[in-house]
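The values are calculated or read from the model by the stated rules, or taken from the named source; none is laboratory data. Only a predicted model underlies this, so the values are computations on that prediction, with no experimental measurement involved. When we count neighbours, we look across all protein chains shown, and the Cβ atoms used for this are built from the backbone with ideal geometry, even at glycine.
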Amino acid sequence: MPVQRLNHAVLYVRDVDRSVAFYREALGFRVVMGFPGAAFLQAEGSSNDHDLGLFQIGPDATASGAGRTSVGLYHLAWEVDTLAELERVATKLTQLGALVGASDHSTTKALYAKDPDGLEFEVSWLVPSHLLTEDIINGRTAIKPLDIPREKARFGAETRGGVGVSV
C-alpha cells in the first residue's frame, strides 16, 4: 500500500515553550501532550494524534545549515481551507514578524514564514480541481507575487480549497 499523507513532523528547537507559544499564536495549534523539554501539538480540525512534535535542545544550538551548508529539510507546508483564512494567517504572521514571502504558484497560493528558530514553513491554499482552467494549470512553472485580494475576487474568500494536489 502506498504512503497516503504526512501524519506529523518533529522539530528540534532551542526553547520548547517559546516554540509552543509561537505555533499557538501563529497557526492555532494546541498542545495535546508534553513532558519537560518536549511538546506535541495538534492543528485545529486535525484528526491526527499530533501534527507537530517539538524537542528542546537548548539555547546554544546553532542555526540549521540546511540548504546553505548542508543537506536537510527546506520547509513543512500546511493547508488552509479558504483564502480568507490564508489572509488571516498572513496578517498574523506579519504581526509576529515571521512572514518572509508570499508566492502565487498558479495552482497553489502560498505564504512562507520562519519560526523563532529560523525554521521555515509554508501555509497554502490550493485551487480546487473544479476551478482549474488551462491557464492555471499551464502557469505552474511561473512563480508570481501573491495578491490575496485579487485571488479572493477571482475564487471567492470562502471557497474551500482543494486537498492535497489540485491537479
Open item on the list: Given the options V71, V127, name the one that is among the hydrophobic types (A, V, I, L, M, F, W, C) and farther than 21 Å from L11 by Cα.
Closed with: V127
Task: Positions within the stretch 108-155 being over 21 Å from the mean Cα position of the chain (by Cα) and not in a helix (DSSP H, G or I), in sequence order - done: L132, T133
- [ ] Would you check if V89 is in contact with a helix residue (DSSP H, G or I) (Cβ under 6 Å, 6 or more places away or on another chain), among the β-branched types (V, I, T) and either closer than 21 Å to A43 by Cα or surrounded by 17 or more Cβ atoms within 10 Å (Cβ to Cβ) (or both)?
- [x] no
- [ ] Go through the stretch 87-122 residue by residue and tally those that are out of contact with any Leu (no Cβ under 7 Å at 6 or more places or on another chain) and more than 28 Å from G65 (Cβ to Cβ).
- [x] 6
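Every residue in the stretch 41-55 that is in contact with a His (Cβ under 8 Å, 6 or more places away or on another chain), in a loop (DSSP other than H, G, I, E, B) and buried (at least 16 other Cβ atoms within 10 Å of the Cβ), please.
Within the stretch 41-55, H50, D51 meet the criteria.
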Task: All positions within the stretch 64-93 that are part of a helix (DSSP H, G or I) and in contact (Cβ under 8 Å) with a residue 40 or more places away in the chain - done: L83, A84, E85, L86, E87, V89, A90, K92, L93
TODO: Filter the stretch 15-30 for residues that are surrounded by fewer than 17 Cβ atoms within 10 Å (Cβ to Cβ) and either in contact with a Phe, Trp or Tyr (Cβ under 7 Å, 6 or more places away or on another chain) or in a loop (DSSP other than H, G, I, E, B) (or both) and give the result.
DONE: G28
- [ ] Please go through the stretch 111-135 and pick out each residue that is surrounded by 12 or more Cβ atoms within 10 Å (Cβ to Cβ) and under 19 Å from E158 (Cβ atoms).
- [x] L111, V123, S124, W125, L126, V127, P128, S129, L131, L132
TODO: For the stretch 28-75, name all the residues that are among the polar types (S, T, N, Q) and touching a helix residue (DSSP H, G or I) at 6+ places or on another chain (Cβ under 9 Å).
DONE: Q56
TODO: Scan D104, D81, D117, D49 and give me the residue that is in the same structural domain as P145 (by TED's automatic domain parsing), among the charged types (D, E, K, R) and more than 30 Å from T141 (Cα to Cα).
DONE: D117
